[in-house]
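Here, each number is a calculation from the coordinates, and none is a lab measurement. Bear in mind that the values here come from a model prediction, so they are computed numbers and not experimental data. We place every Cβ from the backbone using ideal geometry, glycine too, and count neighbours over all the protein chains shown.
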Amino acid sequence: MAPPFGVYIHVPFCAARCGYCDFNTYVPEGRGQQHEFVQAALLELRQAYAEVGDRPATTVFIGGGTPTLLGAGGLLRLLDTVSDTFGLAAGAEITTEANPESVDAGTFKALRRGGFTRVSLGMQSAAPHVLRTLDRVHTPGRAVSAALEAREAGFEHVSLDLIYGTPGESDGDWERSLAAALSAEPDHISAYALTVEQGTGLAAAIRRKELPAPDDGEQARRYIRADEHLHAAGLDWYELSSWARDDEARCHHNIGYWRSYEWWGIGPGAHSHVGGVRWWNLRRPADYAARLRERRLPIAGREVLTPEQLALEAVMLGLRLREGLKLSSLSEAGIRAAEDEATRGRVVICDGRVQLTLRGRLFADAVARELSA
Ligand SMILES: C[S@@+](CC[C@H](N)C(=O)[O-])C[C@H]1O[C@@H](n2cnc3c(N)ncnc32)[C@H](O)[C@@H]1O
Ligand code: SF4
């Protein structure tokens, strides 16, 4: 087995901006920008390879933005270049994110034939009024039909993203969204509490009192309902926001982030972690491409974490996983905090590991802060 190494490629374009999203993504002004991006990303891949050499990728994840705006042709050029540079480990997991409205059966067939093994579709909700509040342009049924098309094209690994707690969403809307997502028989579901990101249209609408802010209690109720419903359908949680049918169906690329493995992030604003160094790229696609045309890496900043920062990060990230943390990885104060949290019912300590309970999952960040004392 090759040592884990992830390649992430960030595609910074969307057909339209969703009012809640603050990802580094732009509405392209023409096909020229997308072409410029692909050329630049290919240059970054080659430069990255010159730095790290043969290091077969165990996972590749093309995310965004909306990678499928590049079409199957663009995505396959990126993947082929990963394969020609770093190389792909045997059995590598190769995912692309996809927006339901920018894919069709032909796209999935081409991607599957070209080596992609997994697709992750942004569904968000099955309730038309919730999709409208989120500014989503697809109809409720399109995400489910896209997931079915992906399966028919031979994708065994299909994931759907859902968002809960959108203003105006009822308990019934959430139940129906879960049921609709499950009707497509995905082997993975990610469910995220709607987060109000500063600077987004959603934050402005809440400030102007056009929409109520999401309610913490309601979001906690929806999370518990999701966990029950997904578990009953055979999908079990393995990370706070992620449920999968079995180990193979998990997103191993994301697991690499939670376990602080190494990865190279290609694309505007992408972050990387290699050789104990973390760095992040220039965010604007034009600046990113210009730097690469000069044959320089498009790095905006870098940092080397202190041992204390690394320990804090290992607790914050590792606790998100169902397997939890080794008790022995905590400081003495951290072990005492874990014992306190166990008496409060927010963690269990079992076989030398600290693991979140369902109640603890609702307060994961607070528990992690206690344990990293
Ligand atoms: C980068 S998007 C990729 C998928 C694709 N662009 C789409 O939206 O269909 C990844 C996921 O992040 C989630 N997301 C983005 N912004 C969020 C927010 N403010 N609160 C909760 N989830 C969010 C959505 O579920 C989205 O599908
Ligand atoms: S949620 Fe997805 S489609 Fe919407 S703006 Fe963000 S990245 Fe683009």
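A few comments on the model shown:
- Additional length obtainable on full extension of the chain from ARG336 to LEU305, 0.36 nm per residue less Cα span: 8.6 nm
- Backbone HN-Hα couplings from phi across region 211-228 [Karplus 6.51/-1.76/1.60, Hz, Gly and Pro as x]: 10, x, 6, x, 9, 4, x, 5, 5, 5, 4, 5, 4, 5, 5, 4, 4, 5
- GLU294-ASP215 FRET efficiency (beta carbon distance; Förster radius 35 Å; 0.05 resolution): 0.10
- Fraction of C-alpha pairs exceeding 24 angstrom in region 230-373: 45 percent, rounded to a whole number.
- Residue order, fewest to most surrounding Cβ atoms within 10 angstrom, among MET316, MET123: MET316, MET123
- Counted over region 153-254 with a bin width of 5 Å, the fraction of Cα pairs per bin, in whole percents, is 2, 12, 23, 20, 16, 12, 9, 4, 1, 0.
- Extension gain from ALA366 to ALA286, taking 0.36 nm per residue of separation minus the Cα-Cα distance: 24.9 nm
- Each residue of region 49-63 was assigned a 3J(HN,Hα) from its phi angle through the Karplus expression (A = 6.51, B = -1.76, C = 1.60, θ = phi - 60°), giving 5, 4, 6, 9, x, 5, 8, x, 6, 8, 9, 10, 9, 9, x Hz with x at Gly and Pro.
- Here the convex hull built on the C-alpha positions of region 192-233 has a volume of 74 cubic angstrom per residue.
- With eigenvalues of the C-alpha gyration tensor scaled by 5 and rooted, the chain, Å: 31, 27, 21
- With N as its number of residues, region 1-66 has a Cα radius of gyration that, divided by 2.2 N^0.38 Å, comes to 1.34.
- Rg to Rh quotient for region 41-83, alpha carbon positions, Kirkwood Rh: 0.98
- Working from label points 7 Å from Cα in the Cα-to-Cβ sense, the GLU156 to ARG344 distance is 4.2 nm.
- Candidates ARG221, ARG245, ARG283, ranked by Gaussian network fluctuation over the chain, Cα under 10 Å, top entry: ARG221
- Projected onto their three principal axes, the Cα atoms of region 92-205 cover extents of 43, 30, 22 Å, largest first.
- Its Cα gyration tensor gives region 254-310 an equivalent ellipsoid, and the semi-axes of that ellipsoid, as √(5λ) in whole Å with the largest first, are 24, 12, 9.
- Simple spin-label estimate for ARG46 and ARG77 in nanometres, 7 Å along Cα-Cβ: 1.3 nm
- Given charges at beta-carbon only (K, R positive; D, E negative), |dipole| of the chain in Debye: 760 debye
- Stretching ILE224 away from ASP351 to a fully extended chain increases their span by 43.1 nm, per 0.36 nm per residue minus the current alpha-carbon distance.
- Label point of GLU29 set 7 angstrom out along Cα-Cβ; within region 65-79, amide nitrogens under 20 Å from it belong to 66, 70.
- GNM result for the chain, Cα springs below 10 Å: residue of ARG112, ARG302, ARG31 fluctuating most strongly: ARG31
- Mean-square fluctuations from a GNM of the chain, with a 10 angstrom spring cutoff on Cα atoms, peak among LEU282, LEU88, LEU211 at LEU211.
- For GLN124, residues with placed amide H under 5 Å, excluding near neighbours: ASP161, LEU162, ILE163
- Near-label residues of region 25-54 by backbone N, under 20 Å of a point 7 Å along Cα→Cβ of ARG113: none
- Taking 7 Å steps out from each Cα toward its Cβ at VAL277 and GLU313 produces label points 1.4 nm apart.
- In region 64-106, the ratio of gyration radius to Kirkwood radius, Rg to Rh, stands at 1.01 when only Cα atoms are counted.
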